[in-house]
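The values are calculated or read from the model by the stated rules, or taken from the named source; none is laboratory data. This is a predicted model, so every value here is computed, not measured. Using ideal geometry, Cβ is built from the backbone for each residue, glycine included, and neighbour counts are taken over all protein chains shown.
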Amino acid sequence: MKYAYYPGCSLESTGIEYNISAKLVAKHLGVEMVEIDDWNCCGASAAHLTNHMLALALPARNLAIAEQQGLDVAVPCAACFNRMKHTETAVRESSATRADVCHVIEMDYRATNTTYNLLDVLVNKVGSEVIAAKVVKPLTGLKVACYYGCLLVRPPKVTQFDDPENPMTMDRLVKALGGTPVQWAYKVECCGAGHSTTKPSVAFPMLQAIYQNAQAAGADCLATACPLCFLNLDMRQAEVKSGQGGSYNLPVFYFTQLMGISMGYAPKELGMAKHFVNPMALLDAKDVLRHPTTRREEA
Amino acid sequence: MDYLDLSAALAGAERFLHHVEQESGVHVSECYQCGKCSAGCPVAFAMDYTPRQVIRLLQLGMREEVLNCRTIWLCASCQTCYTRCPRAVDLPRLMEAVRIEAKRAGIVPEKHINLFNDLFLKSVAKNGRVHEMGLILQYNLLSMQPLKDAFKAPKLFLDGKISPIPHKIKNQAAVQRIFERSMAHGGESR
Ligand code: SF4
Ligand code: SF4
C-alpha cells in the first residue's frame with residue numbers, strides 16, 4: 001500500500017507530534033507514505049474567505065504532483081483534507097473549472113487520483129483487524145471521547161467519509177486498540193477553529209461545551225484527527241474554566257498516538273512530552289504502558 | 001409607524017444580490033426559512049443576525065444590513081448548517097461571498113479576524129507555506145496585543161513546535177504565480 005503523503009504546514013510546527021506518530025504507525029502497518037515533493041500550503045480557510053480560485057488552486061498544485069506519480073493522497077490534517085477534497089470535487093464536476101485551475105497552476109490536473117484522510121486510510125484501507133493484530137499494549141480501561149470536529153465529515157458531499165452526524169471510524173479504532181470509546185453528543189461540534197486566537201470570547205464557550213460533554217459522558221481523554229482541533233483542545237484547556245470555576249484535566253491525543261502506544265512505542269517517541277495537558281498521569285493510572293501480563297492487579 | 005419600502009430596496013440591491021449569488025453559486029430564493037441552520041449553528045450565540053436571518057436579509061434585498069453584519073465574519077465555516085439544510089443551501093459559501101463584498105466595500109467590523117487571514121495569506125504567498133511563529137508574532141503586534149499567549153511561547157519553542165526560521169519551498173515562484181493568476185481570475189465560480 002502506497003500513498004502520496006501531504007503533511008501540511010501545521011504538522012511541521014504546532015502539530016509536529018501528529019506528523020511523528022503518523023509516520024511511525026503507518027510504517028509499522030506497512031503503509032508506504034511518500035511525501036509530496038515541494039508541497040505548498042493548502043490555503044486553509046484564509047484562502048477560501050478571500051478568493052475562490054485561490055482556494056481551489058493552492059491544493060491543486062499538490063494534487064497534480066501526486067497525480068503525476070499515479071498516487072492517491074493521504075492527508076492527516078482534517079482542514080487540509082477538506083480543502084483537497086473541495087478541489088478534487090470541483091475539478092471532477094466541471095471541465096470549465098478544471099481548465100481554469102490548470103491555467104492558474106500551470107500544470108495538468110485531472111483529479112484521476114483520490115484524496116483520503118489518514119484516519120480513513122489506516123482504519124478502513126488497512127483494516128481494524130490488521131491493527132488489532134498489532135496491539136501489544138491494549139488501552140484497557142481507557143475511556144476515550146473520539147472528537148471528529150467539522151472538516152473530516154462535512155460537508156459529506158465533499159468529504160465522502162463516514163456519517164456527518166455520528167461518525168464511528170475513530171470509535172471503531174479505539175475499540176480495536178482495546179480502549180473504550182464513550183458515547184457522547186459533541187463529536188462533530190465545532191471547536192471554534194481560528195476564533196481561539198482572534199476571538200476567544202466566541203471560541204472559549206465552544207471549547208467548554210466540548211470538555212463538559214466529554215467529561216459528563218465519563219471520558220478520561222479526547223482523541224482527534226486535526227492539528228487545529230488539537231491545539232485548541234490542548235493549549236486552551238487551562239484558560240477555559242469549567243462551570244464551577246475549576247479547570248478540566250482531559251489529556252488530548254492524536255489517534256495515531258493512541259495507536260502508537262498500543263503498538264508498544266514509548267510516549268516520548270510519539271511526541272507526548274510536547275502536550276500542554278500532560279497525559280502521563282492518566283496513562284500511568286490506567287497502567288497501559290506496560291505489557292498486560294505485568295500490569296498491576298485491580299483491587 | 002416605521003416601515004420599509006421593500007420594493008425600492010429590492011430594486012437597488014438587485015445587482016448586489018446577483019453578484020453574490022454568482023460568486024457563491026447559491027440562490028437565496030431556495031431557502032424556505034425553516035430555521036434549521038440557526039438551530040444547529042454553534043456560533044449563533046455570538047452573532048448579531050442568525051444564519052437564517054442573513055438569508056432573509058438577502059431575500060429582501062437589504063444590502064446595507066447584510067454588508068454590515070458581524071455574522072458573516074463570525075461564521076466558522078463549520079458546515080453544520082449546509083449539511084443539515086433541507087434545501088441544500090450552501091450558507092457558509094454565501095457568507096464568504098458577502099464577506100468578500102463587505103471587504104471590498106471597506107466594511108470590516110471584525111478587524112482581528114480579518115488581520116489574521118490577511119497575514120496568513122501573506123505568509124503563504126511569501127514562503128509557499130505558512131510560517132506559524134512569524135504569523136503569530138506579526139498578528140500580536142499588529143492587533144496591539146504583543147503579549148497575547150506569551151506564556152505559551154517558551155514551551156512551544158522548546159518543544160520544537162515553533163521555529164524562528166520560515167520553511168520556504170523550492171518552487172516558491174510557482175506559488176507566487178498561483179496568487180497572481182487567482183487574483184486576476186477574480187475568483188467567481190462557474
Ligand atoms: S436550514 Fe436551509 S432552508 Fe432552512 S432556513 Fe436555513 S438555509 Fe433556509
Ligand atoms: S457554517 Fe457558519 S453559519 Fe453555518 S453552522 Fe457553521 S458557523 Fe453557523
Query raised in the report: Given A:L54, A:L58, A:L49, A:L142, which one is crowded, with 19+ Cβ neighbours inside 10 Å and either more than 8 Å from chain B (Cβ to nearest Cβ) or among the aromatic types (F, W, Y) (or both)?
Result: A:L142
Report summary line: Checked B:G35, B:G25, B:G61 against criteria (away from ligand 2 (no atom under 16 Å from the Cβ) and of a type in the set (G, A, S)); the one match is B:G61
Report task. Kindly establish whether A:V188 is in a helix (DSSP H, G or I) and within 14 Å of another protein chain (Cβ to nearest Cβ). Result -> no
Requested in this report: Among the numbered conditions (1) within 10 Å of chain B (Cβ to nearest Cβ); (2) free of Cβ contacts under 8 Å to residues at least 40 places away in the same chain, tell me where A:G246 comes up short.
Outcome: (1)
Report task. Enumerate the helices (runs of 4 or more DSSP H) found wholly within region B:79-148, keeping only those where 3 or more residues are closer than 28 Å to A:N40 by Cβ and touching a residue at least 40 places away in the same chain (Cβ under 8 Å). Result -> B:91-104, B:111-127
Report task. Output the residue which, of all residues in region B:91-108 that are within 16 Å of ligand 2 (Cβ to nearest atom) and more than 8 Å from chain A (Cβ to nearest Cβ), is farthest from B:C75 (Cα to Cα). Result -> B:A102
Report summary line: The correct count of residues that are more than 10 Å from ligand 2 (Cβ to nearest atom) and either surrounded by 18 or more Cβ atoms within 10 Å (Cβ to Cβ) or within 10 Å of another protein chain (Cβ to nearest Cβ) (or both) in region B:76-88 is 1
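Residue-wise test of (1) touching a residue at least 40 places away in the same chain (Cβ under 8 Å); (2) of a type outside the set (G, A, S).
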| residue | (1), (2) |
| --- | --- |
| A:L151 | yes, yes |
| A:R172 | yes, yes |
| A:G179 | yes, no |
| A:H195 | no, yes |
| A:K199 | no, yes |
| A:L207 | no, yes |
| A:A214 | yes, no |
Requested in this report: Of all residues in region A:268-299, count the ones that are over 17 Å from A:G141 (Cα atoms), crowded, with 17+ Cβ neighbours inside 10 Å and at pLDDT 90 or above.
Outcome: 6
Query - Filtered residues of region A:253-286 (kept if in contact (Cβ under 8 Å) with a residue 12 or more places away in the chain and more than 23 Å from the chain's Cα centre (by Cα)) - result: A:K286
**Report entry** Wholly within region A:23-116, helices (runs of 4 or more DSSP H) carrying at least 3 residues that are more than 23 Å from the chain's Cα centre (by Cα)
**Finding:** A:52-68, A:78-93, A:95-105
Query raised in the report: In region B:49-75, which residues are away from ligand 1 (no atom under 16 Å from the Cβ) and within 14 Å of chain A (Cβ to nearest Cβ)?
Result: B:R70, B:W73, B:L74
